[in-house]
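Please read the structure below before turning to the comments.
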Amino acid sequence: NFGNRNLQPEENTTFDVGAELYLDQGMTFSFVYFNRTEDNFIDFRDTGGSVFQYQNIEERFTASGLEFEAQVNLIDAIKLNTNITYTRVDESLNLRIPEFQINARVNYELNETTYFGLTYQFNDERNDTFFNTTSFTNETVVLKAFSLLDFNVSHQILNRKMTLFANVTNILNEDFQELFGFTTRGRNVNVGFNLSL
């Protein structure tokens, strides 16, 4: 009932331009502008009389933005990697795309066999949709912004043939949704080992 033999494939054209700067002691900075144009976007539409069908949308949608990335050796044993992305999209295409997204990771090398890592992620609020079975329409909701903090440690033994590791994800036990109506795991602890024979 929902199929459409006349559907055309979605098409998009993407380009980006940017620059990278390399400095002494392994420091790298990059800045990128990107732009994406989409045609023949496929959507689930009401054709009348509560009859729904997948159809191509005649409108052209665009998404553009800026991305900054930095890799810095704070000292020999500590490395920082971070990126920040700003995305601007047409309102009709604005689905689960945060305006701002930030990722950062700090790695600490205690010695040649022991590593620590701390990861931070921020996702700005996003729009999502769901099908309301009461009104038989798609409704838009706003998913709140969230931040995640993860930690991991690893240690090699037996001449580096075995690696012991422990991870703690969502340390602050953040309550968030990536998709509307689907919950995600809270704080999680994972302990294990990798063995190379």
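The values are calculated or read from the model by the stated rules, or taken from the named source; none is laboratory data. Note that the coordinates shown come from a computational prediction; the quantities given were computed from them, not determined experimentally. Cβ: placed from backbone, ideal geometry, glycine included. Neighbour counts: every protein chain shown. Keep in mind that these areas ignore ligands, DNA and RNA; they rest on the heavy atoms of the full protein, side chains included. Shrake-Rupley method; radii C 1.70, N 1.55, O 1.52, S 1.80 Å.
Among the residues of the stretch 68-116, what is the count of those that are in a strand (DSSP E or B), without any contact (Cβ under 8 Å) to a residue 40 or more places away in the chain and of a type in the set (Asp, Glu)?
Residues that pass the stated criteria total 1.
Is there any pair linking a residue in the stretch 12-36 that is touching a residue at least 40 places away in the same chain (Cβ under 8 Å) and among the basic types (Lys, Arg) to one that is assigned to a strand (DSSP E or B) and exposed (fewer than 14 other Cβ atoms within 10 Å of the Cβ), with Cβ under 6 Å and at least six apart or on different chains, and which?
Nothing qualifies.
For the stretch 87-110, what are the residues that are exposed (fewer than 15 other Cβ atoms within 10 Å of the Cβ) and aromatic (Phe, Trp, Tyr)?
Correct list: 100 only.
Could we say that residue 140 is open to solvent by 50 Å² or more (accessible area, probe 1.4 Å), free of Cβ contacts under 8 Å to residues at least 40 places away in the same chain, in contact with a strand residue (DSSP E or B) (Cβ under 9 Å, 6 or more places away or on another chain) and farther than 22 Å from residue 71 by Cβ here? Please lay out each step first, then the result.
Working: open to solvent by 50 Å² or more (accessible area, probe 1.4 Å): yes; free of Cβ contacts under 8 Å to residues at least 40 places away in the same chain: yes; in contact with a strand residue (DSSP E or B) (Cβ under 9 Å, 6 or more places away or on another chain): yes; farther than 22 Å from residue 71 by Cβ: yes.
Judged against the criteria, residue 140 is a match.
Take the stretch 164-197 and flag every residue that is open to solvent by 70 Å² or more (accessible area, probe 1.4 Å), hydroxyl-bearing (Ser, Thr, Tyr) and within 19 Å of the chain's Cα centre (by Cα).
Across the stretch 164-197, the qualifying residue is only 183.
Being hydrophobic (A, V, I, L, M, F, W, C) and not in a strand (DSSP E or B) is the filter; apply it to the stretch 1-52 and report the residue that is surrounded by the most Cβ atoms within 10 Å (Cβ to Cβ).
Step one: list which residues in the stretch 1-52 are hydrophobic (A, V, I, L, M, F, W, C), which gives 2, 7, 15, 17, 19, 21, 23, 27, 29, 31-32, 34, 41-42, 44, 51-52.
Applying the additional criterion that residues be not in a strand (DSSP E or B) yields 2, 7.
Numbers: 2: 8, 7: 13.
Looking at the filtered set, the residue picked out is 7.
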